[in-house]
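> First the structure, then my questions, so here it is.
Here, each number is a calculation from the coordinates, and none is a lab measurement. Small disclaimer: the values here were computed from a predicted structure and weren't measured. Virtual Cβ from ideal backbone geometry, glycine too; neighbours counted across all protein chains shown.
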Amino acid sequence: NDQRIILITPTWRRNVVNSSVAHIKKSHNDNFKNSTYFKIYNSLINNKELIDCANQTGYRIVYLLHPAMSGQLEDFDKNDYVDIIPATGDINYEKILTESSLMVTDYSGVQFDFAYQRKPLVYYHPDELPPHYDAGEVNHEEMGLGPICKNEEQIVRELCDYMRNECRAKQQYKD
């Protein structure tokens, strides 16, 4: 049920929310806007080149905040081209995953649900943001289900290439 959506859904970071339990919506952390995590993702969802490309190719961008990050919704700079949705309340994961054309994530477990649909996945592992999980859990370079981007320029270029090609999964990742 593809609706031409680019879904950005990074996982949470323990060091930028007010608790260590992942599945519970946290209270607002006033220091969140100073975090590297916020700066990286706020910049991405407001990137002019990405927004222009999405508009030109008929895609919509959805930034799905992890439940643990949902308390920070108000911190993100809003624009008319990106929907920022907190993953709390009555969010329908099945609906959003089936309607999305491509997923951007870092380490989120929903990557496997998305890849099962044989849809393209792009990893965003910015150099400035330490990994969320310990080494050895999943080696994305060897076992990843899509390309890995290390900075905003790379991720924007990769996403625009996918959008210009109707978000068709690359054969190497299908295999």
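> Which are the unpartnered cysteines of the chain, meaning those with no other cysteine Cβ under 4.7 Å from their Cβ?
Lacking a cysteine Cβ partner under 4.7 Å: CYS149, CYS167.
> When only Cα pairs under 8 Å and 6 or more residues apart are kept, what is the percent relative contact order across the chain? Walk me through the numbers before you get to the answer.
Details: 280 pairs, mean separation 45.0, N = 175.
Result for the chain is 26 percent.
> Taking the Cα centre as origin and putting +1 on Lys and Arg beta-carbons and -1 on Asp and Glu beta-carbons, what dipole magnitude results for the chain, to the nearest 20 debye?
Details: 19 positive and 26 negative charges, 45 e Å.
That gives a dipole near 220 debye.
> Can you tell me how the range 1-116 classifies by the Cα gyration tensor, rounded, prolate or oblate, using a/c under 1.5 as the rounded cut? Present the calculation step by step, with values, prior to reporting the outcome.
On the way: a/c = 2.00, a/b = 1.29, b/c = 1.55.
Taking the square roots of the gyration eigenvalues as a ≥ b ≥ c, the range 1-116 is oblate.
> What does the highest-first list of 75-83, 1-9 look like by mean Cβ count within 10 Å? Please list the in-between numbers first.
Working: 75-83: 14.3, 1-9: 18.6.
Result, highest mean first: 1-9, 75-83.
> Another question, if that's okay. Can you order the peptides 40-49, 58-67 by their average number of other Cβ atoms within 10 Å per residue, highest first?
On the way: 40-49: 17.1, 58-67: 20.4.
With the highest mean Cβ count within 10 Å placed first, the list reads 58-67, 40-49.
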